[in-house]
Structure formats: structure tokens, C-alpha cells
Amino acid sequence: MKKFFLIFAPVIALYSSFVQSSELKTMLVTDGNLNGQATTDIYFGESDENYCTISLNNKLITSNTITKSKSKNNKKLNTECNWDGVYYIQSSKHSTTVTAYFTTLSADTKTATLEVSIKLINTKDSKSYFRLDNQKLLITGEMFDSLGK
């Protein structure tokens, strides 16, 4: 006679903040510096209290090029968010990801569309995450002029 044993393992669920909103807007585009290289810093979000920043090396600002960072392995891309009073960052020690993709980049119309997906870790508890999936950010006019400067 065969005996069967059931093993119950505890499941740990990590709380994740997940934002999926058409209300996210590009707030500011400015120049910056990351690891000694010129960047474009794009601030976007819902408000001055709920926002993210993505810093892209200026050489990465090209149409139809996907830029990725997994566990902070790409030194030409950095993202951080302040959301509901919590600060989230990329981490080399946790499963964090960033994908940035310019689907539109037109100097003629001064229009760019940046699609971003991010998963960042909470700096205080190192357990909870913040996620945005396939958010499209419109960059126009004077903000477009600041891309890659």
C-alpha cells in the first residue's frame, strides 16, 4: 500500500502598489547626469505627491529602441518613484525592472511618446513593490525640445 503525504508550505505574498491610470502626465523634462553621462530626466505622475522620475542616457533617446534594466543592471537608465508617501527605487538586490520605449519621436511635430513599465522596491521595508505597466507618456512642445539636450 502506497502512502501519500501532503506538504503545506507557507506562501508569502508581497504587497504591491499597482497603478494603471490614463491620468498620468508628463510633468517636467530636464537635463541631468547619471554615472558621469548626460541624461534626460523625465518626471511624470498624477501630482506633486505621486510621481516618478526616469533618467535616460541621451544616447538612448531614439525611436523604436527598447531600453531595459533588470535588478539595476543597466547603468544608462534609472527610475525612482514617490507614491503615497513611500519612496521606491531600482535595486541590484531585488527583482526590479524598468522598460522604456519611445514609440513616437518626431522633431517635425515636436511630439514623443514614451512607453514605460516599472517594478520598483520600497526603500523602507524592502518587501513591497510599486508597478506601472505599459504607461504611455506624451512629451510635446518645450518639453520635447529638452529631450537629449
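The values are calculated or read from the model by the stated rules, or taken from the named source; none is laboratory data. Every value quoted in this text rests on a predicted model; they were computed, and no experiment measured them. Don't worry about glycine lacking a Cβ; one is built from the backbone with ideal geometry, like all the others, and counts go over all protein chains shown.
Things to note:
- Residue within the stretch 48-55 that is assigned to a strand (DSSP E or B) and over 19 Å from GLU23 (Cβ atoms) present: yes
- Residues that are of a type in the set (S, T, N, Q), farther than 20 Å from LYS110 by Cβ and either at pLDDT 95 or above or not in a loop (DSSP other than H, G, I, E, B) (or both), drawn from the stretch 27-38: ASN33, GLN37
- Residue in the stretch 89-97 that is touching a residue at least 24 places away in the same chain (Cβ under 8 Å), in a strand (DSSP E or B) and farther than 17 Å from THR39 by Cβ present: yes
- Matching residues, the stretch 66-84, being in a strand (DSSP E or B), farther than 13 Å from VAL116 by Cβ and not charged (D, E, K, R): ASN82, TRP83
- Flag if THR30 is touching a residue at least 60 places away in the same chain (Cβ under 8 Å) and within 19 Å of LYS119 (Cα to Cα): no
- The residue of the stretch 104-124 that is nearest to the chain's Cα centre (by Cα), among those that are closer than 21 Å to ASN78 by Cβ and part of a loop (DSSP other than H, G, I, E, B), is THR123.
- The single condition from (1) among the charged types (D, E, K, R); (2) surrounded by fewer than 17 Cβ atoms within 10 Å (Cβ to Cβ); (3) modelled with pLDDT of 95 or more; (4) touching a strand residue (DSSP E or B) at 6+ places or on another chain (Cβ under 8 Å) that ASP84 fails is (3).
- Scanning the stretch 56-65 for residues that are within 19 Å of ASP133 (Cα to Cα) and either in contact with a helix residue (DSSP H, G or I) (Cβ under 8 Å, 6 or more places away or on another chain) or assigned to a strand (DSSP E or B) (or both) yields one hit, LEU56.
- Number of positions in the stretch 66-77 that are surrounded by fewer than 16 Cβ atoms within 10 Å (Cβ to Cβ) and either out of contact with any strand residue (DSSP E or B) (no Cβ under 7 Å at 6 or more places or on another chain) or charged (D, E, K, R) (or both): 5
- Flag for LEU137 being buried (at least 18 other Cβ atoms within 10 Å of the Cβ) and within 23 Å of ALA38 (Cα to Cα): yes
- Selected residue (only one of SER47, SER63 is loosely packed, with under 14 Cβ neighbours inside 10 Å and more than 16 Å from GLU115 (Cα to Cα)): SER47
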